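Chemist: Sharing a structure with you now.
Each value in this text was obtained by applying a stated rule to the coordinates, not by laboratory testing. Because the structure is predicted, anything quoted here is derived from the model rather than measured. We place every Cβ from the backbone using ideal geometry, glycine too, and count neighbours over all the protein chains shown.
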Amino acid sequence: MRLARHKKIDWDSPEYKQARFHYLLQILFGESLAENYCVRMAAFAPSEEARQFLLTQNKEEMQHLELLTDAGSEMDRSEDKVSKHLRKLHVIMEDVLARKDWAGAIFGQNFIVEGIVVTLFREQKKYADPVVESVFSKIIADEVRHVAFGVAEIKKLLSTDRDGSIAKGLIRLQRKTFLHAILFFTDLAAEADDLGMQWDDLAEAVFEDHLK
């Protein structure tokens, strides 16, 4: 099990336990939204293939929630809150879903939201205690596949975007969502060190993952 490069982590320290639960709370919120979004998106998916993928994704998100909830139930809990910027992403997605905007929905859910989760899983897993590492190891492959689906769907949409309207809509949405994604990660910055993560590495990972 790999530890942080810059210090040894005390998994039994109050600081580690508080930071661990704070981060887990954000992930639980994101996963609960993903479960809801998938069912709603499946109702207006443009193809049977996309609809079936989202229904399968919904089942996987339910399994993830169960694993994460079980892990969280065994942890010491602190008075933490879900980031207001993560909640803002939810507000943006609610508007997209209400308009049944497929391009916006797939971008918001399977690219931005799932991308955030993948980055958190990957970076926190490097230095996590055995319980967190075990749960994340069971989940991360599904999340990576969800992002890959989102990227593939966006490519399909852009390949038929003759007048550029889809691209323009996605650029506008990206500006709004990516801003809150970055601010969300700044909310986590203060406790990154308590989890063994270097904040600079986490911030760099956010940008690199998004650009890729």
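Chemist: Within the set of pairs 6+ apart or on separate chains, which have a first residue in the stretch 10-29 that is without any contact (Cβ under 8 Å) to a residue 12 or more places away in the chain, a second that is surrounded by 22 or more Cβ atoms within 10 Å (Cβ to Cβ) and part of a helix (DSSP H, G or I), and C-beta atoms under 8 Å apart?
Modeler: Partner pairs satisfying both residue conditions: none exist.
Chemist: Among the candidates ARG77, ARG87, which residue alone is basic (Lys, Arg) and assigned to a helix (DSSP H, G or I)?
Modeler: Working: ARG77 fails: assigned to a helix (DSSP H, G or I).
Unique residue meeting the criteria: ARG87.
Chemist: With the structure loaded, tell me whether GLY108 is of a type outside the set (A, V, I, L, M), touching a residue at least 24 places away in the same chain (Cβ under 8 Å) and over 21 Å from GLY196 (Cβ atoms) or whether it fails that test. Break it down into steps so the answer makes sense when it comes.
Modeler: Values: of a type outside the set (A, V, I, L, M): yes; touching a residue at least 24 places away in the same chain (Cβ under 8 Å): yes; over 21 Å from GLY196 (Cβ atoms): yes.
The answer is yes for GLY108.
Chemist: Looking at the stretch 176-199, can you tell me whether even one residue there is farther than 22 Å from LYS84 by Cα and within 16 Å of the chain's Cα centre (by Cα)?
Modeler: no
Chemist: Give the number of residues within the stretch 37-52 that are over 15 Å from PHE107 (Cα atoms) and assigned to a helix (DSSP H, G or I). Explain how you work it out, then say what you get.
Modeler: The initial filter retains those residues of the stretch 37-52 that are over 15 Å from PHE107 (Cα atoms), namely 39, 43, 47-49, 51-52.
Subset that is assigned to a helix (DSSP H, G or I): 39, 48-49, 51-52.
Residues in the stretch 37-52 being over 15 Å from PHE107 (Cα atoms) and assigned to a helix (DSSP H, G or I): 5 in total.
Chemist: What tally of residues in the stretch 16-57 results from selecting those that are of a type in the set (Asp, Glu) and surrounded by fewer than 16 Cβ atoms within 10 Å (Cβ to Cβ)?
Modeler: First, pick out the residues of the stretch 16-57 that are of a type in the set (Asp, Glu): 31, 35, 48-49.
The next check asks that each one be surrounded by fewer than 16 Cβ atoms within 10 Å (Cβ to Cβ); those that pass are 48-49.
Total satisfying the criteria: 2.
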